[in-house]
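Note sheet for the following structure.
Derivation of every value follows stated rules applied to the coordinates shown; laboratory data play no part. On a predicted model such as this, the values are computed, not experimentally measured, just so you know. Cβ coordinates were reconstructed from backbone atoms using ideal geometry, including for glycine residues, and neighbour counts include every protein chain displayed.
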Amino acid sequence: MHANPLQTQILFHLGPIPIAEAVVTTWAIMALLVLVSWLAMRHASVEAGPLQTAVEVVIETIQSQIADIMGPGSTRYVPLLGTLFIFLVCANLSSVLPGVQAPTAHIETPAALAAIVFLSVHYFGLRVKGWRAYLSHYTRPNPILLPLNVLSELTRTFSLMIRLFGNMMSHEFILAIVAFLAGLIVPIPFLLLGILIGLIQAYIFTVLAAVYIGAAAGSTPIE
């Protein structure tokens, strides 16, 4: 575990481009998820094996949760939101492994994920409603509110990023301080708390993404 969770660890360079530890961890998580998915579904059958069954249970659970949030027609959003949730769970819990720091504890990863949600909101909104109907919602209930409605899109994306980053970074920071002051045994309860925090933050991020996308596409009411 690093002494300073706020410091970005540069592992190597690809030409002039520095590759940070958070990027390598993200690549490793992506590769692991692709490998598990391929192993689980390469010989998919009605009589599923343990790995296929586990993957199907996870997917069905996520699909059910998304349907509860977004209502009818939510199936089209399952690939994006399901992948987002599974990645966040793995990324948030990666800090449990010795010597690994969660990529979501660095601002770059939450910023990239929030940007994906931001672009997805407008993509699905335009795709479902059409550009004229979708853009017109920025002028409701009064055209004079157009700047505020545009600003709200940016601020909620910023808050989505900061919420995830702040919670994960603060946990890493506290754990580093406790480990420095008290040794390796005392932080164990904080590791268990970190698992709970990681799961909760993955769920909250995904739920908010579903609400934002559903509101833009007309599946859920705008709060």
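Only the Cβ atoms of Lys and Arg (+1) and of Asp and Glu (-1) were treated as charged; on that basis the dipole of the range 10-217 about its Cα centre amounts to roughly 680 debye. Under the criterion of Cα pairs below 8 Å and six or more residues apart, the relative contact order for the chain equals 29 percent.
Amide H contacts for residue 20 (H built 1.01 Å from N in the peptide plane; partners 5 or more residues away or on another chain; cut-off under 5 Å): 11. Considering only 166, 103, 139, whose Cα is most displaced toward the positive end of the charge dipole of the chain, charges sitting on Cβ of Lys, Arg (+1) and Asp, Glu (-1)? Comparing the listed Cα positions along the dipole, 139 ranks first.
Take the Cα radius of gyration of the chain and divide it by 2.2 N^0.38 Å, with N its residue count; two decimals is plenty. Please report the intermediate quantities before stating the final value.
Details: Rg = 19.8 Å, N = 223, 2.2 N^0.38 = 17.2 Å.
For the chain, the normalised Cα radius of gyration is 1.15.
Based on the Kirkwood radius over alpha-carbon pairs, what is the Stokes-Einstein translational diffusion coefficient of the range 16-137 at 37 °C with 0.692 mPa s viscosity, in µm²/s?
On the way: Rh = 16.8 Å.
It comes out at roughly 196 µm²/s.
Where the alpha-carbon atoms of the range 133-177 are placed on the principal axes, they occupy 51, 18, 11 Å, in descending order.
Kindly state, as a whole number, the per residue volume in cubic angstrom of the convex hull around the alpha carbon atoms of the range 13-57. Don't skip to the answer; put the middle values down first.
Numbers: hull volume 3.3 nm³, N = 45.
Spread over its residues, the Cα hull of the range 13-57 gives 73 Å³ apiece.
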